[in-house]
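J.: This is the structure I have questions about; it appears just below.
Each reported figure results from applying straightforward, stated rules to the coordinates on display, with no laboratory input. Bear in mind that the values here come from a model prediction, so they are computed numbers and not experimental data. FYI the Cβ positions are ideal-geometry reconstructions off the backbone, even for glycines, and counts take in every protein chain you see.
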Amino acid sequence: MSSSAYSLRAHAIESLTHIKRPDVPLRVVLRNTAAVVLPLAVGMATGYPQIGLGVAAGALDTMFSDQPGPYRQRLRQLLLASLAAGLAALVGFLIGGLLLPILLATAACGFFGGLLVVFGTDTARVGMTSMILLVITASTPASLGHALGGAALIFAGGLLLTAFSLAAWPLQRYWPERLALAEVYAGLAAVARQPSHDEADVPALTEAMTTLQHTLLGRDRAHGRAMEAFGVLLELAERIRLELTAMTALHADPTIHAMFRGDAARVLAAIADALERGDSPEQAGRALQTLRASEYALLDGSDRASGLAAHIHALAGQLAAAVRNADWAGSGGELRASEAETRLPRSLRSNSSWATLRANLTPRSVAFRHAVRMAACLTAALWFSRLLHLPHGYWLPMTAAIVLRPDFAATFNFGLLRVLGTVLGLVLTTVLLRIAPDEPWAHLALMAVLCMAFRYLAGAHYGIAVAALTGTVVILLSFDGVNPGLAVADRVLNTALGCGMAMLAYVAWPTWERGRARAALAVMLGAYASYLRALAQPGQTGAHDDTRTAARTARTNAQASIDRMRTEPATPPELLALARALFANGNRLARTAMTLEATLDDLAALPAASAIRHFVEQAADAVQAIAAALREQQPLGALPELRAMQRELVTSMQEGGDRVALELLARISDRLVDNVNTLAHVMKRGAQEPAAGANQASA
């Protein structure tokens with residue numbers, strides 16, 4: 001899509017043609033499908049198909065709460081989703097025949113379910129599950145006894161899915177943790193194989209490192225002595241990432257650099273393989289021996305790699321520690337218990353749930369606006385379906401609940417792809433039912449294939465996944481006596497109406513990202529300033545880790561904000577250009593800060609360390625001033641004369657200290673000044689462009 005102007009046509013084409021690589025493991029697809037198909041198969045075999053349908057429906061609606069993560073986290077998430085589905089179904093069965101009560105219940109469920117987006121995607125799925133089950137069960141009101149029985153079956157479907165998801169817990173206690181570590185170490189191997197990179201790109205493994213921290217240190221983390229090794233491997237991954245970044249920035253002897261990085265990549269890849277399999281890292285040990293031999297052969301005392309030697313030695317030591325700890329990283333691992341438990345960095349710890357909700361009960365909150373839109377849209381959709389007596393009318397509010405999102409791009413994408421996917425599903429289901437034998441067991445097998453396709457492709461291309469889902473639901477309903485042809489036609493009509501209502505609800509009270517992007521970028525720059533300020537304090541390793549993690553999180557949020565703004569109509573081109581320039585140059589600053597952290601020990605050998613700290617603090621103050629000007633949309637004031645300070649700093653140390661350390665200081669300080677001055681230039685240019693545009697318009 002063009003960066004200069006928004007095009008609805010280009011946006012639609014991008015949504016239709018963009019296909020991501022599926023990231024759902026086959027075991028997850030199989031166990032989710034089994035939780036849907038097996039209850040129905042057992043019900044058919046025993047003569048109780050209605051019971052099987054109820055359990056299958058519960059498993060289908062809670063399927064997407066089965067997400068990667070520690071087993072404790074999965075248990076909590078799946079139990080919460082199952083309970084929410086059961087309670088929503090009970091309310092729907094009991095009051096579905098009473099128009100005013102069910103409309104009030106729908107509004108309440110829509111509001112509080114929509115508000116759950118403040119707790120992240122996983123918790124938001126619980127709210128969506130509640131909305132879907134409420135409107136579905138409200139279409140078939142029942143007596144108290146039948147309502148309790150139906151809700152219990154749906155709850156049982158969620159419990160069955162939970163049991164399948166957690167079945168490996170006793171046998172592979174630390175499998176999720178090992179897998180998250182393996183992903184990061186495989187990513188580090190890829191970084192090591194690339195001796196150069198684009199400075200404007202996001203630093204490597206930004207999201208993977210944050211996910212790993214939540215997995216290993218979050219509130220749902222596993223416990224046991226093997227977790228000690230995982231904690232060490234997490235810290236080593238951070239240090240290895242910093243060393244690789246610093247080595248790239250040194251621009252040392254390219255031959256030595258490339259050879260050593262190749263050896264390091266082989267060690268890291270072997271560690272990743274051992275972690276994924278849960279085996280002893282024997283191959284990693286052999287690769288480490290090769291790396292050690294190269295280390296001493298390459299660094300033969302010559303000056304060719306004098307600036308690189310310290311980092312090669314440091315990285316070799318970290319790799320050796322990683323190999324040792326990978327040998328303990330499994331269910332049988334035994335390490336001495338630590339006296340002080342490792343905790344999640346402060347920047348990733350969530351506040352209390354009530355405090356978070358109270359903070360978002362304001363029209364300025366994106367979550368609050370989404371909750372209000374959801375409540376109004378869901379209630380109107382249910383009332384509209386009842387008013388028109390639409391066949392299978394519950395699909396209308398259900399579609400609205402699924403399509404309506406907190407941002408425009410996601411709402412548009414889900415709406416477009418759901419309509420086209422449903423139409424595609426109409427054709428697909430019609431063809432498949434004509435080809436397949438007209439036998440219940442053949443239809444069940446077909447439903448299983450479609451269910452697997454839906455679960456596997458949902459994250460890759462939602463439109464294709466919806467086509468498979470349409471077939472799954474239509475065949476599922478056929479076991480309840482619903483004509484497949486009529487069911488598909490009804491689904492297309494209700495889906496189109498639901499998507500249209502969701503889009504209207506968003507346009508009626510939008511939350512445009514262009515009003516929030518500056519704040520997100522200001523938070524990112526402020527986090528970089530805090531990181532630099534922490535690096536100016538010697539020995540504060542904990543502060544370094546925490547501020548680095550905070551900067552990584554802020555960078556992820558800023559990137560998401562720019563991506564959303566890019567896909568919104570009427571975004572000013574100059575604002576998008578400013579955001580992209582600030583983000584790219586912020587990435588350069590982040591790499592410089594990471595290089596500085598990795599070389600702090602080298603710089604400590606220089607005299608007048610206090611002068612270096614003062615210079616870094618002045619750079620941090622300048623970045624903080626840029627962040628404040630961006631947040632307040634005020635002209636950028638005078639900044640410290642960093643270039644003059646940098647020259648004076650380097651000149652003052654010419655006569656003493658280590659020559660290699662002095663060269664390193666000159667290189668890093670020059671990059672830091674260039675990064676900060678470029679950010680200031682981008683800010684000033686961004687302030688001038690709107691004014692110039694206004695003058696041209698008035699002329």
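J.: In segment 513-698, with Lys and Arg counted as +1 and Asp and Glu as -1 at Cβ, which of these residues, Thr541, Ala628, Thr567, has the Cα nearest the positive end of the dipole, that is, farthest along it?
T.: In segment 513-698, that residue is Thr567.
J.: Count charges around Asp273 for me, please; just the other residues with Cβ under 14 Å from its Cβ, Lys/Arg as +1, Asp/Glu as -1.
T.: Cβ neighbours under 14 Å give a net charge of -1.
J.: Å³ per residue of the Cα convex hull, for the chain?
T.: Convex hull volume per residue, Cα atoms: 182 Å³.
J.: Moving on. Hey, could you grab the Kirkwood Rh for segment 585-634? Inverse mean 1/r over distinct alpha carbon pairs, Å, one decimal.
T.: Radius from the Kirkwood sum: 12.4 Å.
J.: In percent, what relative contact order does segment 175-330 have, based on Cα pairs under 8 Å that are 6 or more apart in sequence?
T.: 35 percent.
J.: Can you sort Thr592, Thr255 by how many other beta carbons sit within 10 Å, fewest first?
T.: Going from least to most buried by this count: Thr255, Thr592.
J.: At what distance in angstrom do the alpha carbon centres of segment 87-150 and segment 605-673 lie from each other?
T.: Spelled out, the Cα-based centre of one part sits 58 Å from the other.
J.: Give me the net charge of Arg74's neighbourhood, meaning all other residues with Cβ under 12 Å from the Cβ of Arg74; Lys, Arg count +1, Asp, Glu -1.
T.: 0
J.: Another question about this same structure. Taking +1 at the Cβ of each Lys and Arg and -1 at the Cβ of each Asp and Glu, which of Tyr48, Ala517, Ala558 sits farthest along the dipole of the chain towards its positive end, judged by Cα position relative to the Cα centre?
T.: Sorting the options by dipole projection puts first Tyr48.
J.: Calculate one ³J(HN,Hα) per residue across segment 624-633 by plugging θ = phi - 60° into the Karplus curve 6.51 cos²θ - 1.76 cosθ + 1.60, and present them in order as whole Hz with x for glycine and proline.
T.: Couplings: 5, 5, 5, 4, 5, 5, 5, 5, 8, 6 Hz.
J.: To the nearest 20 debye, what is the magnitude of the charge dipole of the chain about its Cα centre, counting +1 on the Cβ of each Lys and Arg and -1 on the Cβ of each Asp and Glu?
T.: Roughly 1520 debye for the chain.
J.: Based on the alpha-carbon gyration tensor of segment 434-519 and its eigenvalue square roots a ≥ b ≥ c, which shape applies: rounded if a/c is under 1.5, prolate if not and a/b is larger than b/c, or oblate?
T.: oblate
J.: Next question. For the chain, what is the relative contact order in percent, using Cα pairs closer than 8 Å and at least 6 residues apart in sequence?
T.: 16 percent
J.: Whole percent per 5 Å bin, from 0 to the bin with the longest distance: what is P(r) over all C-alpha pairs of segment 175-330?
T.: Pairs per bin, as whole percents: 1, 10, 20, 22, 19, 13, 8, 4, 1, 0, 0.
J.: Kindly provide the helix-only [θ] at 222 nm of the chain, computed as the sum of -39,500 (n - 2.57) over DSSP H runs of four or more divided by all residues, to the nearest 500 deg cm²/dmol?
T.: Calculated mean residue ellipticity at 222 nm is -25500 deg cm²/dmol.
J.: While we're here: How much net charge surrounds Ala527 when only the other residues with a Cβ under 10 Å from the Cβ of Ala527 are counted, with Lys and Arg +1 and Asp and Glu -1?
T.: +3
J.: What whole-number value in cubic angstrom gives the convex hull volume per residue for the C-alpha atoms of segment 1-85?
T.: It is 179 Å³ per residue.
J.: Ratio of segment 513-698's C-alpha Rg to 2.2 N^0.38 Å, to two decimals?
T.: Here the answer is 1.11, to two decimals.
J.: At a temperature of 37 °C and a viscosity of 0.692 mPa s, determine how fast segment 508-570 diffuses translationally according to Stokes-Einstein, using the Kirkwood radius over alpha-carbon pairs as Rh; express D in µm²/s, rounded to the nearest whole number.
T.: In µm²/s, the coefficient is 256.
J.: I'd like the distance separating the alpha-carbon centroids of segment 440-491 and segment 251-295, in whole Å.
T.: Distance between centres, Cα-based: 47 Å.
J.: Kirkwood hydrodynamic radius for segment 56-179: how many Å is it when counted over pairs of different Cα atoms?
T.: 14.8 Å
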